[in-house]
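Structure, as structure tokens:
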Amino acid sequence: MTSRRFQLQGQGPAAYERYLVPAQFAACAAQLLDLAAVRPGERVLDVACGTGIVARQAAARVGPGGAVAGTDLNQGMLEVARAAAADLPVEIAWHQADAAALPLPGGAFDLACCQQGLQYLPDRPAALAETRRVLVPGGRVALAVWRPIDHQPVYAAFARALRRHADEETAAIMHAPFAGPGRDELHRLLVDAGFDKVQVRIATVAARFPSPGELLRRQAASSPLAAPLAALAPEAWRALAGDLDQDLAGWVDDDDLAFPLQTRLAAAHAAPR
Ligand SMILES: C[S@@+](CC[C@H](N)C(=O)[O-])C[C@H]1O[C@@H](n2cnc3c(N)ncnc32)[C@H](O)[C@@H]1O
């Protein structure tokens, strides 16, 4: 179950920052912060921040007059986040915490973001209530949650290949990022947590990896697939890599494996109490 909660160990957080952040999470963060309309001087919280890409981009936008904090359950992710942000002009405060119990005072932030984290939280209502608590009256929340795997052609093909060459449990790990709340559920969760003016929109993130083989190697280094793929027999790995080369050939351009990832972005305001 830990694998379904996106808990990386060992070199996983460093590999996540090196491979997955530039390939797909950095572009998503820019769209999320655009939707949230972050302004100079604001105080921004990044919940389930991972290695902190949203927090770093927010720091660049709020400038030295603003403040940024990031929270995550995973200490390894936070260590990489701290190192990656070391040279920024705005110091980011990092806190190890479950999203449902933030060690932060109420009314401390103008904006709270959670990028591709909500799908892993066991108690989403509690996490959003905590998010609401730490916002000033009228503060904003901005969430990003991948759409279901049927809308993600490359990862759907990857999951099918995992089912053929690994097992159901490994394929299920590939489904987990895409099993988050949909549009109606996002509206309901946000309203129930005390937000109004909810706006949910679909956005497309352009993902790039050097090749289908590198997509496999990089996911095996940087995601909860690490343990099951490390246990795969060499012939099963070769068959998996061969199928991905073949099944993803249509997404290879002159440079890279290039494909769309669809996400929902949700923005809302903390309603008056
Ligand atoms: C896919 S990563 C996204 C990280 C980051 N927001 C990004 O966009 O790169 C999901 C993150 O959720 C964190 N996470 C999972 N369960 C959590 C919980 N209960 N409370 C806080 N963070 C959690 C994981 O540790 C992981 O860093």
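Considering only region 15-32, how many residues are more than 12 Å from the chain's Cα centre (by Cα) and either of a type in the set (S, T, N, Q) or closer than 15 Å to LEU225 by Cα (or both)? Counting residues in region 15-32 that are more than 12 Å from the chain's Cα centre (by Cα) and either of a type in the set (S, T, N, Q) or closer than 15 Å to LEU225 by Cα (or both) gives 3.
Going by what's in this entry, would ARG264 be described as basic (Lys, Arg) and open to solvent by 40 Å² or more (accessible area, probe 1.4 Å)? Against the criterion (basic (Lys, Arg) and open to solvent by 40 Å² or more (accessible area, probe 1.4 Å)), ARG264 does not qualify. Only one of the listed residues (PHE6, PHE25) is within 7 Å of the ligand (Cβ to nearest atom), under 17 Å from PRO177 (Cα atoms) and at pLDDT below 95. That residue is PHE6.
The residues listed here are VAL62, VAL38; of these, the one that is in contact with a Gly (Cβ under 7 Å, 6 or more places away or on another chain) and away from the ligand (no atom under 14 Å from the Cβ) is VAL62.
Give me a count of the residues in region 230-273 that are assigned to a helix (DSSP H, G or I) and out of contact with any Phe, Trp or Tyr (no Cβ under 8 Å at 6 or more places or on another chain).
Residues meeting the conditions: 16.
Of the residues contained in region 132-148, one or more are found to be within 22 Å of PHE209 (Cβ to Cβ) and open to solvent by 30 Å² or more (accessible area, probe 1.4 Å).
Would you confirm, using the coordinates I've provided, whether LEU248 is in contact with a strand residue (DSSP E or B) (Cβ under 7 Å, 6 or more places away or on another chain), hydrophobic (A, V, I, L, M, F, W, C) and at negative phi? Yes, satisfied. All conditions in (1) touching a Pro at 6+ places or on another chain (Cβ under 9 Å); (2) away from the ligand (no atom under 14 Å from the Cβ) hold for GLY50, with the sole exception of (2).
Out of the strands (runs of 3 or more DSSP E) lying entirely within region 24-124, which hold 2 or more residues that are surrounded by 23 or more Cβ atoms within 10 Å (Cβ to Cβ) and touching a helix residue (DSSP H, G or I) at 6+ places or on another chain (Cβ under 7 Å)? In region 24-124, 43-47, 67-72, 109-115 are the strands (runs of 3 or more DSSP E) which contain 2 or more residues that are surrounded by 23 or more Cβ atoms within 10 Å (Cβ to Cβ) and touching a helix residue (DSSP H, G or I) at 6+ places or on another chain (Cβ under 7 Å).
The values are calculated or read from the model by the stated rules, or taken from the named source; none is laboratory data. These figures come from a predicted structure and were not determined experimentally. Here Cβ is always computed from backbone atoms with ideal geometry, including for glycine, and neighbour counts include all displayed protein chains. SASA here: full protein model, heavy atoms, side chains in, ligands and nucleic acids out. Shrake-Rupley method; radii C 1.70, N 1.55, O 1.52, S 1.80 Å.
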